[in-house]
Each structure stands twice: as C-alpha cells, then as structure tokens.
1. Filter region 140-150 down to residues that are at pLDDT below 85 and not in a helix (DSSP H, G or I) and give me whichever is farthest from residue 78 (Cα to Cα).
2. Among what's in region 78-94 and is crowded, with 17+ Cβ neighbours inside 10 Å and among the β-branched types (Val, Ile, Thr), pick the residue that is modelled with the highest pLDDT.
3. Can you name the residue in region 103-158 that is of a type in the set (Ser, Thr, Tyr) and in contact with a His (Cβ under 8 Å, 6 or more places away or on another chain) and is also farthest from residue 83 (Cα to Cα) among such residues?
4. Going through 126, 153, 179 one at a time, which residue ends up being farther than 19 Å from residue 94 by Cα and at pLDDT below 85?
5. Exactly one of (1) farther than 19 Å from residue 169 by Cα; (2) among the hydrophobic types (A, V, I, L, M, F, W, C); (3) surrounded by 13 or more Cβ atoms within 10 Å (Cβ to Cβ) is unmet by residue 127. Its number?
6. Could you count how many residues in region 5-29 are closer than 21 Å to residue 99 by Cβ and hydroxyl-bearing (Ser, Thr, Tyr)?
7. So which of 137, 72, 142 ends up being more than 30 Å from residue 180 (Cβ to Cβ), surrounded by 12 or more Cβ atoms within 10 Å (Cβ to Cβ) and without any contact (Cβ under 8 Å) to a residue 24 or more places away in the chain?
8. Of all the helices (runs of 4 or more DSSP H) wholly in region 1-111, which have at least 1 residues that are closer than 30 Å to residue 143 by Cα?
Amino acid sequence: MIDNKRLTVDKKMRTQLKIAQTLERLMYASRWLLAPIYIGLSLALLALAVKFFQELVHFLPLVLEVSESDLILKLLTFIDLVLVASLLVIVMFSGYENFVSQLDLSESTEKLDWLGTHDYGSLKMKVATSIVAISSIHLLKIFMNIDVTPDNKIMWYLLVHLALVISALLMGYLDKIGKHEQ
C-alpha cells in the first residue's frame, strides 16, 4: 500500500517535472521571436543608408553655393544619420548576442572588436549616450538657426535635452551602484 502511494507520488512528480521542462524549453526557444525583429532593424538600417545617400546626392551639386552655416547644418544632418545608423548596428548585434544566440563567425570573417563585450547594462548605456549625442546634434542645429526658432521652442528643446542628459547620468550612476553591490 505504501509502495503504491510512493509510486503514484513519483509518477505525479515526474509528470510535473516533464511539464516544467517542456515549458522552460518553450520559453527559452521563444527568444528566437526576436530574430525577425533584428532583421527588421537591418531593414531600417538600409532605409537610413538610402536616406543618407539621397541627402548627399541632393546636397553635392549645391556645395559651392551654400553658406558656411548651411554647410555645417547639412554636415550635422549627415552626422546625425550616421549616429542613428551606428546605434542600430550596436542594438542589432548586441541584442542578438545577448538575447538570441552568439554569432557564429568563421575564422576568416572579420569580427568587430566589441562583439560579445556588451551586456544588457552596457547596451543600455550605449543607447542612452547615443540618444544624448543625437539630441546634442539636434540642439546644435537649432542654435545654428536660432534667429528663426521661437524662444519658447528653444526652451523646450533645451529642457528635453537636459532631461535626456540627466536620465543618462542617472542610468550610469545606478548601473555603477548595481555593479558594486554584486
């Protein structure tokens, strides 16, 4: 009688263990749902490249005619596009390696030095600092055209930029505190 109870309990425990293992495997495999999203980011990178070259083709014939300030504004636009594109690359590769799978590159393939070095915390900081850099460029563009921008808009642009800077600083500080506690 006791052996029958023990067999029944053992059978229930094995069944529960199988269910738990199946659920864990399913949840772990669901990380692959991110892969198409990272492919989508590569398509967004393609869109940025098209936009960059579209802007460049429109700008090059006018380069001798534009003023110095307009030249600087256009160069800031190019830098802005490059920063966003670089941010996409960092998020694509780091996110893929952190959440989906390690990149299996052959020995003959050129590998970026930073691949495999960004954990979620450093990825978050890269995104935050990139956003601050992009915001800085937008703010610089506004200051270059300060005569055509209303004062109240300048104030809002500056406040949003300061909020982004403070957020990035706080995130960095919290990340540093978290690493020291571990």
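1. My answer is 149.
2. Among those that are crowded, with 17+ Cβ neighbours inside 10 Å and among the β-branched types (Val, Ile, Thr), it is 84.
3. The initial filter retains those residues of region 103-158 that are of a type in the set (Ser, Thr, Tyr), namely 106, 108-109, 117, 120, 122, 129-130, 135-136, 149, 157.
Cutting the leftovers down to in contact with a His (Cβ under 8 Å, 6 or more places away or on another chain) gives us 135-136, 157.
Numbers: 135: 11, 136: 11, 157: 19 Å.
Applying the filter and picking the extreme gives 157.
4. Working: 126 fails: farther than 19 Å from residue 94 by Cα; 153 fails: at pLDDT below 85.
The match here is 179.
5. Of (1) farther than 19 Å from residue 169 by Cα; (2) among the hydrophobic types (A, V, I, L, M, F, W, C); (3) surrounded by 13 or more Cβ atoms within 10 Å (Cβ to Cβ), only one is false for residue 127: (1).
6. So in region 5-29, the residues closer than 21 Å to residue 99 by Cβ come out as 23-29.
So of that shortlist, the ones also hydroxyl-bearing (Ser, Thr, Tyr) come out as 28.
Result for region 5-29: 1.
7. Working: 137 fails: without any contact (Cβ under 8 Å) to a residue 24 or more places away in the chain; 72 fails: without any contact (Cβ under 8 Å) to a residue 24 or more places away in the chain.
Of the residues listed, the single one that is more than 30 Å from residue 180 (Cβ to Cβ), surrounded by 12 or more Cβ atoms within 10 Å (Cβ to Cβ) and without any contact (Cβ under 8 Å) to a residue 24 or more places away in the chain is 142.
8. Numbers: elements: 2-29, 34-59, 68-99.
Passing ranges, in order: 34-59, 68-99.
The values are calculated or read from the model by the stated rules, or taken from the named source; none is laboratory data. Everything quoted here is computed from the prediction, not taken from an experiment. So basically every Cβ, Gly included, is an ideal-geometry build from the backbone, and we count neighbours across all protein chains shown.
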